[in-house]
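Report on the structure given below.
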Amino acid sequence: MVALELSPFVRETEAADAVHSLAKAMRQLGHNVTVAIPRQPGFEESGLLMARRLTPLPLPDGGEVPVLDAQLPSGVQVTLFDAPVLFDRPGVYSENGVDYPDNAKRFTLLSQAAAALVRQRAQQGTAFDIVHLHDAPAALVPLALGRIPGPPVPTVLTIHDAARQGSFDSDQAEDLLAEIKKDTSLAVDGKPNLLRAGIAHADAVTTVSPTYATELASGFGDFSRAVAASGKTIVGITQGIDYAVYNPATDAALPSRYDAEDATNKGICKGAVLRELELPIDVTRPLLLIDGPLTHERGGELLVGALAGLLKNDLAIVVASELTPAQAKKLRLLRTRRPDDFALVERPTAAGVRRLYAAADLALMAPRLAPSGQAQLIAQRYGAWPIARAVGGILDTVVDCEAELLTGTGFLFDEETEASLAGAVARALAAYASPSMPRLRRRVMRLDVGWDRPARRYLTVYRQILGAGR
């Protein structure tokens with residue numbers, strides 16, 4: 001696997017979690033897995049033990065890059081390319097919201113180094129069977145492999161988020177591989193586009209949910225037209241969450257453990273969080289959680305705007321998020337005015353967020369786009385019903401509850417409006433007051449949202465392209 005992010009060491013998007021969890025799941029299924037990734041500050045900060053190779057890895061352009069090796073507790077191997085000038089930075093893609101101006105050069109180096117590693121391993125008699133590329137930063141690996149002599153190696157490209165296409169202006173294109181500069185069919189909106197190049201040259205293309213695969217085919221303008229012109233079918237594979245991390249039956253961060261068959265101790269978790277947040281300790285009153293950055297892409301404006309109206313209901317609301325100064329000012333004022341109904345966690349830790357999900361009865365999310373989404377899966381795992389906008393991967397993982405609560409695993413709304421959101425919350429609150437509430441919670445917690453099934457779907461894709469190659 002070739003990626004720019006790998007949880008928990010380097011994480012800016014959910015792709016980091018997917019790479020880590022898929023690699024681990026493949027290892028558990030008996031396959032040898034290596035993640036090739038640039039060395040970034042997060043690896044040292046985490047205390048990962050790394051061994052530097054004596055001989056640098058030769059690159060096809062005549063240069064070379066130092067390499068370090070490590071192994072994760074899961075048995076997954078990690079190969080790190082050491083290029084500090086390009087990757088020893090505070091952000092993965094950008095700093096203070098501005099993309100690094102040399103991203104084209106950074107992503108090209110990753111692809112060149114990964115291709116060189118593939119060829120080196122083949123020469124050493126330990127060849128890789130499949131190279132799995134994650135998002136635009138790794139999308140040029142098929143082209144890079146074509147510049148180094150060696151046998152064909154099947155490649156799979158996974159698109160985690162098409163908003164990051166690796167599209168560069170002409171002055172940056174000098175850093176790209178020669179093929180992408182020459183081939184105008186690999187451009188989108190007149191600019192060289194790494195993701196478009198990856199789609200054209202990879203043997204298979206996947207994305208992180210069936211609904212997002214459909215959205216990629218029609219909802220991204222010139223990019224969607226370029227995808228259609230490639231003739232490639234994008235396979236949507238619903239992602240999962242890592243049960244070793246997200247499991248209320250074993251989670252050491254919780255004051256008390258529980259599971260789908262006996263969720264009694266969820267009330268203990270709720271009481272502890274209410275006490276910690278200085279909210280009235282009434283475990284019968286519904287607790288609604290809003291987790292994650294309140295960005296435009298995640299519907300931050302809608303969520304913040306809806307809070308005052310939602311607080312007219314008999315419920316408590318917790319927002320756990322890194323906030324902009326404007327958001328912090330507004331929400332701190334709301335906390336002052338409604339101290340018994342609203343709490344704010346401005347710098348949530350990973351363990352703290354899991355405690356909040358264990359305490360919550362409802363989890364509200366309103367993304368404008370949701371390629372896959374983990375929040376609804378974590379909520380379901382911890383017995384908090386997701387209330388979510390019906391987009392992307394949410395449509396593949398949340399079934400809208402009907403009035404009798406005989407079916408369904410959450411509450412969906414369609415329109416990006418406060419009225420539509422409030423209507424879904426009202427339905428969820430009515431369900432919370434229903435005698436069928438325990439049955440709905442049990443059904444939600446019993447869902448299979450782990451990585452075993454998605455990993456087997458990826459194995460099917462691997463085997464198909466291996467068979468086609470033979």
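Simple spin-label estimate for SER436 and GLU415 gives 2.6 nm between the two label positions (7 Å along the Cα-to-Cβ direction from each Cα). Among PHE87, GLN77, ALA18, flag the residue with its Cα farthest along the positive direction of the charge dipole of region 1-130, charges on Cβ as +1 for Lys/Arg and -1 for Asp/Glu. Farthest towards the positive end: GLN77.
Per the Kirkwood definition applied to all pairs of different Cα atoms, how many angstroms is the hydrodynamic radius of region 246-286? 10.7 Å is the Kirkwood radius here. Using only alpha carbons, region 1-87 has a radius of gyration to Kirkwood radius ratio (Rg to Rh) of 0.97. Using the average count of surrounding beta-carbon atoms within 10 Å as a protection proxy, the listed peptides 108-120, 3-15, 260-272, 323-335 rank, highest first, as 108-120, 3-15, 260-272, 323-335. Dividing the convex hull volume of the alpha carbon atoms of region 353-421 by its residue count gives 88 Å³ per residue. Based on the Stokes-Einstein relation at 20 °C and a viscosity of 1.002 mPa s, and on the Kirkwood radius from alpha carbon pairs, the chain is assigned a translational diffusion coefficient of 91 µm²/s. Divide the volume of the convex hull around the Cα atoms of region 379-470 by the residue count and you get 106 Å³ per residue. Label sites at ASP222 and ASP169, each approximated as a point 7 angstrom past Cα along Cα to Cβ, lie 1.5 nm apart.
Principal axis analysis of the Cα atoms in region 51-127 yields extents of 44, 34, 20 Å, listed in decreasing size. Diffusion coefficient of region 245-338 by Stokes-Einstein, Kirkwood radius over Cα pairs, 10 °C, 1.306 mPa s: 106 µm²/s. Within the accessible area of region 210-250, the carbon and sulfur atoms contribute 57%, probe 1.4 Å, all protein chains present.
Taking a cut-off of 16 Å between Cα atoms, list the aspartates and glutamates near LYS312, but don't count ones fewer than 8 places away on the same chain. Partners within reach: ASP340, ASP341, GLU418. Set the Cα radius of gyration of region 1-159 against 2.2 N^0.38 Å, with N its number of residues, and you get 0.97.
Estimated from helical segments only, the mean residue ellipticity of the chain at 222 nm is -11500 deg cm²/dmol, where each DSSP H run of four or more residues counts as -39500 (n - 2.57). Toward the positive end of the charge dipole of region 377-470, with +1 on the Cβ of Lys and Arg and -1 on the Cβ of Asp and Glu, the farthest Cα among VAL461, VAL449, THR407 is that of VAL461. For the residue pairs LYS191/LYS330; LYS24/LYS191; LYS191/LYS232; LYS270/LYS330; LYS270/LYS329; LYS105/LYS329, alpha carbon separations beyond 30 Å are given by LYS191/LYS330; LYS24/LYS191; LYS105/LYS329. Kirkwood radius, region 276-393, all distinct C-alpha pairs, inverse of mean reciprocal distance: 14.3 Å.
The residues of the chain have, on average, 43 Å² of accessible surface per residue, using a 1.4 Å probe with all protein chains present.
The values are calculated or read from the model by the stated rules, or taken from the named source; none is laboratory data. None of these values were measured; they are calculated from a predicted model. All Cβ positions, glycine included, derive from the backbone under ideal geometry; neighbour counts span all protein chains shown. Ligands, DNA and RNA are stripped out before the accessible areas are found, and what is left, the full protein with its side chains, is counted by its heavy atoms. Shrake-Rupley method; radii C 1.70, N 1.55, O 1.52, S 1.80 Å.
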